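Written below as structure tokens is the structure these notes are about.
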Amino acid sequence: MGLFDLLRRRGRGGKGGRASGGPRGVTDADTRHLAEWAAARRGVEAYVEPRTTVTETTVVLVAHDGEWTRRRIGSLGAAQQFGRKRSIPVYEVAKTGYPKRMREYTERQRILRRREQTERDS
């Protein structure tokens, strides 16, 4: 028995029968968050991130101003169904990349956090 077999064996039996440290499944809270977030913003687009060994398939919703949120979605098909139901375009991030406005929003937030930290430290 190898090291990975031993680790796999130890991890069995956790929540929902999944191995500990493995990907968590999609919950109603994930879907509800996405729906509420999209309904509260305009110009929302969905970017589907493929499943990895660490995470399930996720979707990043990006609003017109670059604000974004990420949650588990289950599959590309589930993301496409979510988008169709809400008239949100759905893209595969592996094919399109992330939109520039998302990166710009993240950078603006980083700058604001640094300013606030500097003001608190002063």
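Observations, loosely collected:
- Taken over segment 66-105, the criterion of being surrounded by 14 or more Cβ atoms within 10 Å (Cβ to Cβ) and among the small types (Gly, Ala, Ser) is satisfied by Gly66, Gly74, Ser75, Ala78, Ala79, Gly83.
- Residue under evaluation Ala63, criteria (1) without any contact (Cβ under 8 Å) to a residue 24 or more places away in the chain; (2) over 22 Å from Gly25 (Cα atoms); (3) under 15 Å from the mean Cα position of the chain (by Cα); (4) surrounded by fewer than 17 Cβ atoms within 10 Å (Cβ to Cβ), criterion not met: (4)
- Condition broken by Val60, with the remaining ones in (1) touching a Ser or Thr at 6+ places or on another chain (Cβ under 9 Å); (2) part of a helix (DSSP H, G or I) satisfied: (2)
- Looking only at residues in segment 28-57 that are assigned to a loop (DSSP other than H, G, I, E, B) and of a type in the set (Val, Ile, Thr), the one that is surrounded by the most Cβ atoms within 10 Å (Cβ to Cβ) is Val44.
- Just one of the numbered conditions (1) over 13 Å from the mean Cα position of the chain (by Cα); (2) at pLDDT below 95; (3) open to solvent by less than 50 Å² (accessible area, probe 1.4 Å) is not true of Gly25: (1).
The values are calculated or read from the model by the stated rules, or taken from the named source; none is laboratory data. Computed from a predicted model, the values in this text were never measured in an experiment. Neighbour counts run over all protein chains shown; Cβ positions are idealised from the backbone, glycine included. SASA here: full protein model, heavy atoms, side chains in, ligands and nucleic acids out. Shrake-Rupley method; radii C 1.70, N 1.55, O 1.52, S 1.80 Å.
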